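Report on the structure given below.
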Amino acid sequence: MKHYPMILNGHAIDSNDHLPVVNPATGEIFATCARASDHHVDTAVHAAKIAFDAWSKRPDAERKALIHQLGTLIEQHKDELIELVVRETGKPVVGLGGAGATMEVMGASAWSHVTADIDLPDETIQDDEMALVAVTRKPLGVVASVTPWNWPLLIAIWHLIAAIRVGNTVVIKPSELTPLATARFVELANDVLPPGVLNIVMGEGNIGQRLTSAPAVSKVVFTGSTATGKRIMASASNSLKRLVLELGGNDAAIVLPNTDLDRVADDIFAAAFHNNGQTCACLKRLYVHERQYDELCQRLVAIARGIRVGNGLDADTELGPVQNEAQRRIVENLVASAVREGGQVLCGGERGEGAGYFYLPTLVAGLTNGCELVDQEQFGPVLPIIRYASVEEAIKLANDSPNGLGGSVWGDDLVAAEQVGRLLECGTVWINGHGGVQPDAPFGGVKESGFGVEFGRYGLEECTSIQTVKIHRQ
């Protein structure tokens, strides 16, 4: 059984206490990693603080070149990283809609290369005989990254590449459920980066709390639940840390009246069920006009019944297991609640075969806002389909949520769809698609889905502070 150490100040560090990692497709432990102590966290933060001075002063072109090397390293070790992602998350190698472990690993490489080539040049405000006024951006210091279990390597790359690109140093704490691909990447990266620039500690929530509250940490970037994000925000207030919080989503999609269902049904299903619905920006509430409601339900059921659920290492698997047993129980409880509230389970609604944490893709009709499955993020392979009578009603229902991460509008008239989309209260709106993010376009939430953005120039700016320079010439 392979064991993965922490990486502190460029060195592999083990601990006396090991953390087991379970393959959700089998329910069995397949690897272990070092479980950090408070001392390890403090050591990692100190190493990052010491490394910051030299790294922040390193020429921009050199940092850019090193990050390109990291992207290439991922490509060179893609087979190993893909297998780790499959075994610790359960997602298939390819997966429904191509959203599997291969996309995660190769996306991590692409994100690194694209981010490496984004610059933050100084901005000139005034340049005349009176004065030169310029705005420059400076790195913040030590960035603490806390990542979730659903896309462990890709989200780690989202956090850390932007931070180090502009001269920060990083300590990352992955989910205790899926730490391995991230740990292996950090190990590889330390063959390229100077010691202390990128450090990793593993453990449960107490280790994340120790890291995010450390006085020497200047910024926290967190992807995860709204409840945990609020706790991080409270602890960060003691030292006024910068924050980027990408929190829970309960994304709504509106299918406009008279939409060509032949064209959109497969894409709608994939948007809701890729990665088993375990994506913050999955389609999680589907609003369909009453004239097309029954027909779209039937089409989605037919798709669901043809989906291949199984071990992610099997070539024909489209959906794997739910990542952990606790999350599967949440999904089961929400489906049971939906039935009590009058919902009709159109397909699924039960565990799949095997010892792993399988749950069949499930479609539920007959619900509306106010029902638990509609109001709460399910984060699993279940989709409530809600009937509406007018577009105005659909917009009101879609916005009737404390969350505001993403949303989508589906329809044949792109102008009308865009008009509706701009009325949705969410950080990103997609037209005839859902969940597609890219490394050069900002992504973040509103309301209780968090604040701050990642990706592109806007994401890099979140990793810096502004300094205004004024030179008097007269």
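Of everything listed in (1) more than 15 Å from the chain's Cα centre (by Cα); (2) of a type in the set (Gly, Ala, Ser); (3) assigned to a loop (DSSP other than H, G, I, E, B), the single unmet condition for ALA416 is (3). In the set VAL41, VAL86, only one residue is within 24 Å of ASN206 (Cα to Cα) and either touching a strand residue (DSSP E or B) at 6+ places or on another chain (Cβ under 6 Å) or surrounded by 14 or more Cβ atoms within 10 Å (Cβ to Cβ) (or both); that residue is VAL41. Here ASP375, ASP412, ASP400, ASP440 are screened, and the one residue that is among the acidic types (Asp, Glu), under 18 Å from ALA271 (Cβ atoms) and modelled with pLDDT of 95 or more is ASP412.
Among residues of the range 217-234 being open to solvent by 20 Å² or more (accessible area, probe 1.4 Å) and more than 19 Å from the chain's Cα centre (by Cα), the one that is farthest from SER449 (Cα to Cα) is SER218. Among the residues that make up the range 307-314, is at least one of them in a helix (DSSP H, G or I), open to solvent by 70 Å² or more (accessible area, probe 1.4 Å) and at pLDDT 95 or above? Checking the range 307-314: not a single residue is in a helix (DSSP H, G or I), open to solvent by 70 Å² or more (accessible area, probe 1.4 Å) and at pLDDT 95 or above. Filtered by the rule that a residue be within 17 Å of VAL197 (Cα to Cα) and of a type in the set (Gly, Ala, Ser), the range 148-175 gives ALA156, ALA162, ALA163, GLY167. Residues in the range 111-134 that are part of a helix (DSSP H, G or I) and of a type outside the set (Ser, Thr, Tyr): TRP111, HIS113, VAL114, ALA116.
Screening the candidates ALA134, ALA162, ALA116 for the property of being small (Gly, Ala, Ser), touching a strand residue (DSSP E or B) at 6+ places or on another chain (Cβ under 6 Å) and touching a residue at least 24 places away in the same chain (Cβ under 8 Å) yields one hit, ALA134.
Contact map, the range 445-471: residues that are over 17 Å from ARG63 (Cβ atoms) paired with residues that are among the basic types (Lys, Arg) and open to solvent by 10 Å² or more (accessible area, probe 1.4 Å), Cβ distance under 6 Å, separation 6+ or inter-chain. Pairs shown: SER465/LYS138; GLN467/LYS138.
The values are calculated or read from the model by the stated rules, or taken from the named source; none is laboratory data. Bear in mind that the values here come from a model prediction, so they are computed numbers and not experimental data. Ideal geometry is used to build each Cβ from the backbone, glycine not excepted, and the neighbour counts take in all protein chains shown. Remember, those area values only see protein heavy atoms, side chains included, never the ligands or the DNA or RNA. Shrake-Rupley method; radii C 1.70, N 1.55, O 1.52, S 1.80 Å.
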